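The values are calculated or read from the model by the stated rules, or taken from the named source; none is laboratory data. Not measured: the values here are computed from a predicted model. Positions of Cβ are generated from backbone atoms using ideal geometry, with glycine treated the same way; all protein chains shown enter the neighbour counts. Ligands, DNA and RNA are excluded from the accessible area calculation, which covers all protein heavy atoms including side chains. Shrake-Rupley method; radii C 1.70, N 1.55, O 1.52, S 1.80 Å.
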Amino acid sequence: MLIKSPLFKVPYVLLVLILFNCEQAKKDMTSISNEQPRVLRDLEAIKKDGKLKALTVYSATSYFLYRGQPMGYEYELLKRFAKHLDLELEMVVVKDLDELITKLNEGEGDILAHGLAITANRKTAVAFTNYLYLTKQVLVQKKPDHWRTMHWHTLENALIQDAIELLQDTVSIRKGSSYSERIANLSEELGGRITINQLSGEMATDEIIREVAKGNIKYTVADNNIAKIMASYYPILDIDVPVSFSQRIGWATRKNSPKLLQTTNLWLEDIKKQVDYNVIYNKYFKNKKDFRRRIKSDFYSLNNEEISPYDTLIQKHAKKIDWDWRLVASLIYQESRFDPDNSSWANAKGLMQLMPQTAAELGVQDRSDPQESIRGGTKYLNQIWGNFETVKDTIQRTKFTMAAYNCGLYHVKDAQNLATERGLDATVWDNNVEDMILALSHPKNYNNPIIKYGYVRGAEPYNYVNQIFERYAHYTQFIAE
């Protein structure tokens, strides 16, 4: 039986299948359009809290860990935006991309910072920022294994050259993504059926592309800029078939956060005029050499759950002093960036930057030896820890210990005395003693009769503690304890 039309003829069974695909897409769209804000938290409340919570995903472009350092296009922009607002940045990783909009509207984050296509469907649930960049969707397919030796005409015949050739075939895409919506619409436009194999929302686009390169998935769809950077490492991928026109990619806020949206748009408008923005974009979407270097590394968090080559040693010695090994790893990164030959102007040396006298007291003979440095450094941390018995809160005591490791125990003791004199809590680092360590950079403070050890460049221990804990927060997102 055929359904007759002046424009085309489609077998009845195919028409049913097309309608089924469209209905499924509509259901997915309805589930998004039903999402509405469940909290009221605009810019004023965010500033009062002092923290900007950004929802993102763990991927090769948005947010990841490389050689102990958090990186990513979204992450680098968010750092600058939070600094512009004079706010602390908290990255909130959403494992399932299907939950991004839901979690935004439930108040688990203030801003959704991931490369979302701005679609009419999504605009019913969130307020999109002005677009960050334009891209288009392309088909990602694998070339034959021996493609380099094939004649170009034979290779061409082995690959899809036009989206219409997808009819009666299957494309694997995340459920609820703009790619899924696009393929459903493409089926309707072409008057045939393209089957959608729905993948878990926990799979990032770059992860799906890797599965295509391995031959585990036949076809997928991706934004052109992501597909290009992935194909630079996997030349077996073909990404030349477009399946959409240009699309705008943006961030999003809740619909009841107009001031945050306006502020974000003004900031984006300004930063996109700066060289810095282009450097960041090129770094993650165009710099093929750096991308290949990252993706080959054992210390790229999307490959292995490893922070450094010394994780096993760090775990062993951190356990002895009952510290989270990821926190010790963050401290070591701060000290030496995991370079065992690193040395400072003051002759501190090794992974944990031990001074010669301190190393001798700890029984460390070779400060450049990772085993000796980590053993000695953690032992030293434990010794310092013992000097802060009056600090009952574990986190605060850890911060005191780190500050003393950086600038010396007695400078921290001076800062505690100054805190007491000024009516602050000498057992709390945050907003109390940390302010006094900063104050000890000024003559009127370090010349105070109660100060026994004089001047200290207070910004160093202040930033040292904050940066270690900030990095530690990233490590806990990526690396299991």
At R0 = 25 Å, FRET efficiency that the Cβ-Cβ distance of K286 and H151 yields, to 0.05: 0.20
Evaluated over segment 183-226, the Cα radius of gyration and Dmax, each in Å: 11.9, 31
Segment 141-186, Cα convex hull volume normalised per residue, Å³: 92 Å³
Overall dimensions of segment 144-280 as given by Cα atoms, namely Rg and Dmax in Å: 18.3, 58
Segment 34-69 versus segment 266-281: alpha-carbon centroid distance in Å: 19 Å
Local electrostatic count at T420 - Lys and Arg +1, Asp and Glu -1, tallied over other residues with Cβ under 15 Å: -2
Cα centroid separation - segment 405-459 against segment 121-154, whole Å: 56 Å
Mean separation of Cα contacts under 8 Å (6+ apart) over length of segment 282-432, as relative contact order %: 12 percent
Solvent-accessible area per residue, Å², over segment 187-334 with all protein chains present [probe radius 1.4 Å]: 45 Å²
Relative contact order for segment 146-216, counting Cα pairs under 8 Å that sit 6 or more residues apart, in percent: 30 percent
Folded to 0 to 90 degrees: helix 325-336 orientation relative to the chain principal axis, Cα: 70 degrees
Which of A117, V456, I384, positive extreme of dipole for the chain (C-beta unit charges): A117
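Accessible area per residue for segment 29-146 in Å², computed with a 1.4 Å probe and the full protein assembly in place, what is it?
40 Å²
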Calculated over the chain: convex hull of Cα atoms, volume per residue (Å³): 184 Å³
Dipole-positive endmost among P258, V279, G201 within segment 197-292 (Cβ charges, Cα centre): P258
Virtual spin-label span in nm between E207 and D96, 7 Å along Cα→Cβ: 1.3 nm
Radius ratio Rg over Rh of segment 307-383, counting only Cα atoms, Kirkwood formula for Rh: 0.93
Whole-number D in µm²/s for segment 48-160 (Stokes-Einstein; Kirkwood sum over Cα pairs; 25 °C, 0.890 mPa s): 145 µm²/s
Antiparallel DSSP beta bridges within the chain, percent to nearest 5: 70 percent
Convex hull volume of segment 322-445 per residue (C-alpha atoms, cubic angstrom): 111 Å³
Relative counts (whole %) of C-alpha pair distances in segment 114-201, using bins that are 5 Å wide: 2, 11, 18, 18, 17, 14, 10, 5, 3, 1, 0
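Restricting to Cα pairs below 8 Å that are 6+ residues apart, what does the relative contact order work out to for the chain? Please round to a whole percent. If you can, show how the numbers build up before the last one.
On the way: 803 pairs, mean separation 73.0, N = 481.
With pairs under 8 Å counted, the relative contact order is 15 percent.
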Protection proxy ranking, peptides 266-273, 70-77, average beta carbon neighbours within 10 Å, highest first: 70-77, 266-273
Apportionment of accessible area to carbon and sulfur, the chain, percent (1.4 Å): 49 percent
